[in-house]
Amino acid sequence: MISVLRRMFRGFLSIFRSKKDIKLGLYGPPNGGKTTLANAICKDILGDDFEQGIVSRIAHETRSVEVRDKMELDVEGRTISFNLVDTPGIATKIDYEDFLKVGMQEKQAKKRAKEATKGVIESIKWLDDMDSVVVVLDATRDPYSQVNITILGNLAARDIPVLIAANKVDLKRANIKRIKAAFPQYPVVGISAKYGNNLDIMYKELVNLVGK
């Protein structure tokens, strides 16, 4: 009954909300490829020279929410308008010692850990503003993690439409079937945000997702 009321309320709000206000969030654990995907989407829509954020091999490079307004995507005669929201990676534990391991000095590592923690809190706060979410998972890693279950559980509790982007299919260790088996209730698209593989398929799914 609560789920039905939520959908009715969301539908009621959509009557008064401009399509330009639709927020499409990119969520997931650190280093899954959210910012790489955000950059790929922005380049496809806005041009080759545009990048949404900085990509790094070090976890928690994105430490604050980045929003790109007034995005429009045309797919097979259908157009969706949205604000693209790239969020910091969500983690259940952030330890400054992890940054020491990648060569940071102690002072810098503690600062990064503090910023990363704030980023996680900010990501969670923004959940209540999301209309649709793409959960970006590293397809080379085990999807049965506490972080992934927590993220998807929070989205389900809010009745937010979800698409899972199984990223890094260009790597031999990628296993999309494992992600589909872990979360059969959601559509899953295997992509490579780095090389643009299957983004056209993902865009088709996005049209259906944002249109819910």
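Residue separation of Val75 and Ile149 scaled by 0.36 nm, minus their Cα-Cα distance, works out to 23.6 nm of gained length.
With the cut-off at 1.5 for a/c, could you classify the range 133-212 from its C-alpha gyration tensor as rounded, prolate or oblate? The partial results should precede the final answer.
Numbers: a/c = 2.18, a/b = 1.14, b/c = 1.92.
Oblate is the answer for the range 133-212, as a/c is 1.5 or above yet b/c matches or exceeds a/b.
Checking the cross-link pairs Lys114/Lys172; Lys177/Lys204; Lys34/Lys204; Lys34/Lys114; Lys34/Lys177 against a 25 Å limit on the alpha carbon distance flags Lys114/Lys172 as lying beyond it. Taking 7 Å steps out from each Cα toward its Cβ at Lys43 and Val65 produces label points 2.7 nm apart. Stretched out straight at 0.36 nm per residue, the stretch from Lys114 to Tyr186 would grow longer than its current Cα-Cα span by 22.6 nm. Other residues with beta-carbon under 13 Å from the beta-carbon of Asp170 carry, at +1 per Lys or Arg and -1 per Asp or Glu, a net charge of +3.
Taking amide H as placed 1.01 Å from N in the peptide plane, Asn197 has its amide H under 5 Å from the amide H of Ser192, each at least 5 places away in sequence or on another chain. For Glu122 and Arg158, what is the calculated FRET efficiency with R₀ set at 22 Å and r taken between the beta-carbons, to the nearest 0.05? It comes out at approximately 0.85. For Lys204 and Leu171, the FRET efficiency from 1/(1 + (r/R0)^6), where r spans their Cβ atoms and R0 equals 30 Å, is about 0.80.
No value in this document is a laboratory result; all are computed from the given coordinates. None of these values were measured; they are calculated from a predicted model. With ideal geometry, Cβ positions are generated from the backbone for all residues, glycine too; neighbour counts draw on all protein chains shown.
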